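**Student:** Quick one: this structure, given as structure tokens, is what I'll be asking you about.
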Amino acid sequence: MNSKSKVLIVDDDRNICELIGLYLQKEGYDVIFAYNGINAVDIFKAQTPSLVVLDIMLPGIDGWQVCREIRKVSSIPIIMLTAKGETFDKVLGLELGADDYMVKPFEPKELVARIKAVLRRYEHKEVDTQEVAFPNLIINKSNYTIRLKGNLIEMPPKELELLFFLASNPNKVFTREQLLEHVWGFDFYGDSRTVDVHVKRVREKIDLDGQTWQLKTVWGVGYKFEVRG
């Protein structure tokens, strides 16, 4: 698996890039580098890596914007790196579609372990071709498409994955913490409002009156995809 995986490391600190690169190459990964945000987007489009390790503080455009640009065209895993550890940064990273988050300074071995774990989850999702369908709504996780009354709906990967997970478990209530674990794939310690933001955005895109299904808030608990009749 590793020999087929190409990792793009984006950091303006060349020493950090070299250090991460050495550990990854030792594990059999192909490694490419970018040292500023604009270059990172260009290299991503040209090289199509399997995963991106992305620093937030970058010259050119910052890591947040790089993440946004990647998420416009791809759902491949992104692990954010930053010297900041505030909850706000973690929430923003998750909302933009990051799959994991590490605060500098970090142990290279831990980063490699997280890269392996994120890639395993992503590759499992790629193989797992699934679709759930309800009247006027089809959610396909194999090609990341949503059709509402036959029309394609634009939705970022994490929003689609959240909707797919809830719709795959109709009428079952999940807490915000459970949704973070199942959809984002790791325990997120801090403000779980990122789930609320994603649910709000999903609702805005699939809100139709008179349907037998509805994305509902269960006050004091969490959320469920309610199906009637």
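The values are calculated or read from the model by the stated rules, or taken from the named source; none is laboratory data. For clarity, every value in this text was computed on a predicted model and none was experimentally measured. Every residue, glycine as well, gets a Cβ built from its backbone with ideal geometry; the counts of neighbours run over all protein chains shown. These accessible areas exclude ligands, DNA and RNA; they are computed on the full protein's heavy atoms, side chains included. Shrake-Rupley method; radii C 1.70, N 1.55, O 1.52, S 1.80 Å.
**Student:** Calculate the all-directions average of the projected area of segment 6-127's alpha-carbon convex hull, and give it in nm².
**Tutor:** Details: hull surface 27.1 nm².
That works out to 6.8 nm², a quarter of the Cα hull's surface.
**Student:** Among rounded, prolate and oblate, which fits segment 116-178 when a ≥ b ≥ c are the square roots of the eigenvalues of its C-alpha gyration tensor, a/c under 1.5 means rounded, and a/b larger than b/c means prolate? Walk me through the intermediate numbers first.
**Tutor:** On the way: a/c = 1.98, a/b = 1.27, b/c = 1.55.
Oblate, since a/c reaches 1.5 and b/c is not below a/b.
**Student:** Exposed loop trypsin sites (Lys or Arg not before Pro) only (DSSP loop, at most 14 other Cβ atoms within 10 Å): please give the longest stretch of the chain free of them, not including the sites. List each step's numbers first, then the result.
**Tutor:** Working: sites that count: 84, 149, 172, 228.
Between exposed loop sites, the widest span is 1-83.
**Student:** Would you compute, from DSSP H runs of 4+ residues alone, the mean residue ellipticity of the chain at 222 nm, taking -39500 (n - 2.57) per run and dividing by the full residue count, rounded to the nearest 500?
**Tutor:** Values: 8 runs with 94 residues, N = 229.
Estimated from H runs of four or more residues: -12500 deg cm²/dmol.
**Student:** Still on this structure, I have one more. With the chain treated as a Gaussian network of Cα nodes joined by springs under 10 Å, which of 70, 16, 139 yields the largest mean-square fluctuation?
**Tutor:** Evaluated over the chain, the most mobile residue of the options is 16.
**Student:** Let me ask something additional. Quick one: which residues, 5 or more positions from residue 137 or on another chain, have an amide H under 5 Å from its amide H? H modelled 1.01 Å from N in the peptide plane, none for Pro or chain starts.
**Tutor:** Those lying under 5 Å, H to H, from residue 137 are 149.
**Student:** While we're here: Compute the long axis of helix 14-26 from its Cα atoms, compare it with the longest principal axis of the Cα atoms of the chain, and write down the angle in degrees, 0 to 90, nearest 10.
**Tutor:** Long axis of 14-26 versus the principal axis of the chain: about 80 degrees.
**Student:** Let me ask something else about it. Note down the nm distance, to one decimal, between modelled labels 7 Å out along Cα→Cβ at residue 152 and at residue 182.
**Tutor:** 2.8 nm
**Student:** Compute the semi-axes of the equivalent ellipsoid of the chain, taking the square root of 5 times each eigenvalue of the Cα gyration tensor, and list them largest first in whole Å.
**Tutor:** Working: eigenvalues 219, 66, 50 Å².
Over the Cα atoms of the chain, the semi-axes work out to 33, 18, 16 Å.
**Student:** Taking 0.36 nm per residue of sequence separation and subtracting the Cα-Cα distance, how much length would be gained by fully extending the chain between residue 22 and residue 218, in nm to one decimal? Provide the component values of the computation, followed by the final result.
**Tutor:** On the way: separation 196, 0.36 × 196 = 70.56 nm, distance 4.79 nm.
Full extension of this stretch gives 65.8 nm more.
**Student:** Out of the total accessible area of the chain (probe 1.4 Å, heavy atoms of protein only), what percent is carbon and sulfur? Mind showing how you got there, number by number?
**Tutor:** Values: 5580 of 11310 Å².
Carbon with sulfur: 49 percent of the solvent-accessible area.
**Student:** Which residue, chosen from 41, 160, 76, occupies the Cα position most advanced towards the positive end of the dipole of the chain, where the dipole is computed from +1 (Lys, Arg) and -1 (Asp, Glu) charges on Cβ about the Cα centre?
**Tutor:** 160
**Student:** Students often get this wrong, so check it: of 26/109; 6/141; 104/158; 45/109, which have C-alpha atoms separated by over 21 Å?
**Tutor:** Beyond 21 Å: 6/141; 104/158; 45/109.
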